[in-house]
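K.L.:
There's a structure below that I have some questions on.
The values are calculated or read from the model by the stated rules, or taken from the named source; none is laboratory data. No experiment lies behind these values; they were computed from the predicted model shown. Positions of Cβ are generated from backbone atoms using ideal geometry, with glycine treated the same way; all protein chains shown enter the neighbour counts.
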Amino acid sequence: MPRPKHYSPAISRFVVSILYHEARHRRIPMTQLTDELLQKALRGTHGWHIATHLRIAGTPALHTTAPATAQAA
């Protein structure tokens, strides 16, 4: 079986349970709730800025320590 291309961190059963119950309460999918919560919590952080610069530059976000800058066309 091929290895996944992206890292998928394990989430504790307790947190999954919280997400499940909160998503049911809000009547939205767990994946949508998780994405919204993580984006809200991480917006403006160092990691957010690096990922944003990499996306703008079209560079895959793989193990980098310095933000990439977009090249002028």
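K.L.:
Scan the helices (runs of 4 or more DSSP H) fully inside the chain and keep the ones with 2 or more residues being modelled with pLDDT under 95.
P.N.:
Here the list reads 46-57.
K.L.:
So, one more: Please name all residue pairs, on different chains or six or more residues apart, with Cβ atoms under 9 Å, provided the first residue is in the range 22-51 and is within 18 Å of ALA10 (Cβ to Cβ) and the second residue is outside any helix (DSSP H, G or I).
P.N.:
From residues that are within 18 Å of ALA10 (Cβ to Cβ), the pairs are THR34/ILE11.
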